[in-house]
1. Hey, Ile30 hits all of (1) in contact (Cβ under 8 Å) with a residue 24 or more places away in the chain; (2) exposed (fewer than 13 other Cβ atoms within 10 Å of the Cβ) but one; which does it fall short on?
2. Name the residues in segment 42-62 that are modelled with pLDDT under 95 and in contact with an Asp or Glu (Cβ under 8 Å, 6 or more places away or on another chain), would you?
3. Given the conditions (1) closer than 18 Å to Glu74 by Cβ; (2) β-branched (Val, Ile, Thr); (3) more than 9 Å from the chain's Cα centre (by Cα), which single one is not true for Ile49?
4. What number of residues in segment 42-79 are surrounded by 12 or more Cβ atoms within 10 Å (Cβ to Cβ), β-branched (Val, Ile, Thr) and not in a helix (DSSP H, G or I)?
5. Would segment 27-41 turn up any residue that is touching a Leu at 6+ places or on another chain (Cβ under 8 Å), at pLDDT 95 or above, of a type outside the set (Gly, Ala, Ser) and not in a helix (DSSP H, G or I)?
Amino acid sequence: MKRGIQMIEKNYNELPMLLEPKDLENIFSIDMRLVCEIIKLNEFPKLRISDHKIKIPKILLIKWINKNKEFLMEYRKIV
C-alpha cells in the first residue's frame, strides 16, 4: 500500500480527475473486496453517479489519503 500511495503522489498529474474503484486497486495495491470496504466508509470521498457507478475525485482522494495514511496501513494489516 505504501508503494501505491507513493505512486499516486508521483503520478498525480497523469491520473484522471475522476477515478473509478478499479483504479484504487492499483493505487492501494489491494483487491476489489478491500476497495469496496474503503468506499463504504462514510468519510471516504465519492460521487455516486448511479446505483452501480461510483467515481472518486482525485483531489479529494489525495486529501483523504494524506489525512488517513496510518489508518490505511493498519486497515490493510487487519483485513
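The values are calculated or read from the model by the stated rules, or taken from the named source; none is laboratory data. The structure presented is a predicted model; accordingly, all values stated were derived computationally and were not measured. Quick reminder, even Gly has a Cβ in these numbers, built from the backbone with ideal geometry, and neighbours come from all protein chains shown.
1. (2)
2. Correct list: Ile62 only.
3. (1)
4. Final tally of qualifying residues: 2.
5. Taking every residue of segment 27-41 in turn, none turns out to be touching a Leu at 6+ places or on another chain (Cβ under 8 Å), at pLDDT 95 or above, of a type outside the set (Gly, Ala, Ser) and not in a helix (DSSP H, G or I).
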